[in-house]
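All remarks here apply to the structure that follows.
Values in this text are rule-based calculations from the coordinates and carry no lab data. Please read these numbers as outputs of a predicted model, since none were measured by experiment. Heads up, the Cβs are rebuilt from the backbone with ideal geometry, glycines too, and the neighbour counts pull from every protein chain shown.
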Amino acid sequence: MGLKEKLEKIQLPFKSWATFGAKVGWERHSKENCQKAEAIFQELFAELVQIGLKASEAEKLEAMKSAVMALNTLDEEIQGFIETSEREQLVGVFYNITKEIGLNPANYADGEGPASLWRSW
């Protein structure tokens, strides 16, 4: 299985956020807002596939940093988009991505994974 397929198997939480948001009336987790967040990950996956597993650690981390920074911006634009439970889910997603691209997530941010190096959420 190639990197693209491995990344596509990573569960992104946004469809469930949108479903729950619609159920309880949370505009912050509207389908549109959740699609914006999912697009950030799709861009990340495409970039990681493009640079490949042989890319340097710095290149891989730079791609992840761009995605985290984009989520920071989205969270600033949409008040309450990423709260505690969402943050935990997203840190877990980045943790899994880190493993799939051949890095050890425990080596970053006191074991939290690389997303915690740059996240404001």
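Output the residues belonging to the stretch 71-117 that are small (Gly, Ala, Ser) and surrounded by 14 or more Cβ atoms within 10 Å (Cβ to Cβ).
Listed by number, the residues that qualify are GLY92, ALA109, GLY113, ALA115, SER116.
Do we have any residue at all in the stretch 44-59 that's in a helix (DSSP H, G or I) and in contact with a Ser or Thr (Cβ under 9 Å, 6 or more places away or on another chain)? Can you show your working first?
Kept after step one, since they are in a helix (DSSP H, G or I), are these residues of the stretch 44-59: 44-51, 57-59.
Cutting the leftovers down to in contact with a Ser or Thr (Cβ under 9 Å, 6 or more places away or on another chain) gives us 44, 47.
Scanning the stretch 44-59, I find at least one residue that is in a helix (DSSP H, G or I) and in contact with a Ser or Thr (Cβ under 9 Å, 6 or more places away or on another chain), so the answer is yes.
Do we find that LEU61 is under 17 Å from ILE10 (Cβ atoms) and either hydroxyl-bearing (Ser, Thr, Tyr) or in contact (Cβ under 8 Å) with a residue 24 or more places away in the chain (or both) in this structure? I'd like the intermediate steps shown before the answer.
Numbers: under 17 Å from ILE10 (Cβ atoms): no; either hydroxyl-bearing (Ser, Thr, Tyr) or in contact (Cβ under 8 Å) with a residue 24 or more places away in the chain (or both): yes.
So LEU61 fails the test.
Pairs needed: first member in the stretch 1-20, at negative phi; second member anywhere, of a type in the set (Lys, Arg); C-beta distance under 7 Å; at least 6 residues apart or different chains.
ALA18/LYS31
Within the stretch 37-83, how many residues turn out to be of a type in the set (Lys, Arg) and in contact with an Asp or Glu (Cβ under 9 Å, 6 or more places away or on another chain)?
In the first step, residues of the stretch 37-83 are kept if they are of a type in the set (Lys, Arg); the result is 54, 60, 65.
Then keep just the ones that are in contact with an Asp or Glu (Cβ under 9 Å, 6 or more places away or on another chain); that gives none.
Counting residues in the stretch 37-83 that are of a type in the set (Lys, Arg) and in contact with an Asp or Glu (Cβ under 9 Å, 6 or more places away or on another chain) gives 0.
Every residue in the stretch 23-36 that is farther than 14 Å from GLN79 by Cα and in a helix (DSSP H, G or I), please.
Result: LYS23, VAL24, LYS31, GLU32, GLN35, LYS36.
Conditions first: (1) outside any loop (DSSP other than H, G, I, E, B); (2) farther than 19 Å from LYS4 by Cβ; (3) of a type outside the set (Ser, Thr, Tyr). ASN96 passes all but one, so which condition is the exception?
With respect to (1) outside any loop (DSSP other than H, G, I, E, B); (2) farther than 19 Å from LYS4 by Cβ; (3) of a type outside the set (Ser, Thr, Tyr), ASN96 is out only on (2).
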